[in-house]
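*Asks:* Here it is, the structure, as structure tokens.
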Amino acid sequence: MLYSEKVMDHFSNPRNVGEIENADGIGEVGNAKCGDIMKMYLKIDNGVITDVKFKTFGCGAAIATSSIATEMVKGKTIKDALKLTNKAVVEALDGLPPVKLHCSVLAEQAMKSALSDYYRRQGIDPVPIVGEIGECEACH
């Protein structure tokens, strides 16, 4: 399986790894059958994501997509972060092998799950933004 240099870089040197104590939003998504589980932590100040961390249990592509997704939303407004798509994650990594595309979907969903959690904690009913995670090809 061929990975881009960017995927290898984010896998070897992942950015924003860890947890945020007293996070404003926490999202966890994953599929125990695949083994890819992502947890994202957000610190939000005046509608801006001031810090973001992740913990991912999974393959190299899962770690790389988590890493780049955190880079893509750090310093952005919630509104901009909600526009994060798995397609944008894949493009930022200069592509992913088809069998690993589900990792980019997980990264998008983890981020949106954390934003939903933030809204819930603020007493705002979140727009349903987290869909069901489909089976990945690796599970078949």
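*Asks:* Just checking, how many residues over the stretch 28-46 are crowded, with 16+ Cβ neighbours inside 10 Å, within 24 Å of GLY75 (Cβ to Cβ) and over 14 Å from the mean Cα position of the chain (by Cα)?
*Replies:* Of the residues in that region, 2 qualify.
*Asks:* Separate question: Residues to consider are VAL105, VAL99; find the one that is closer than 17 Å to ASN31 by Cβ, surrounded by fewer than 23 Cβ atoms within 10 Å (Cβ to Cβ) and free of Cβ contacts under 8 Å to residues at least 60 places away in the same chain.
*Replies:* VAL105
*Asks:* Working only within the stretch 7-27, note down all residues that are of a type in the set (D, E, K, R) and surrounded by 15 or more Cβ atoms within 10 Å (Cβ to Cβ).
*Replies:* Scanning the stretch 7-27 gives ASP9, ARG15, ASP24.
*Asks:* Let me ask another. From the list GLY30, GLY18, GLY35, exactly one residue is small (Gly, Ala, Ser), at pLDDT 95 or above and either in contact with a Cys (Cβ under 7 Å, 6 or more places away or on another chain) or farther than 22 Å from ASP94 by Cβ (or both). Which is it?
*Replies:* Testing whether each residue is small (Gly, Ala, Ser), at pLDDT 95 or above and either in contact with a Cys (Cβ under 7 Å, 6 or more places away or on another chain) or farther than 22 Å from ASP94 by Cβ (or both) leaves just GLY18.
The values are calculated or read from the model by the stated rules, or taken from the named source; none is laboratory data. Owing to the predicted nature of the structure, the values given are computational and were not obtained by experimental measurement. In this analysis, Cβ positions are derived from the backbone assuming ideal geometry, glycine residues included, and neighbour counts consider all displayed protein chains.
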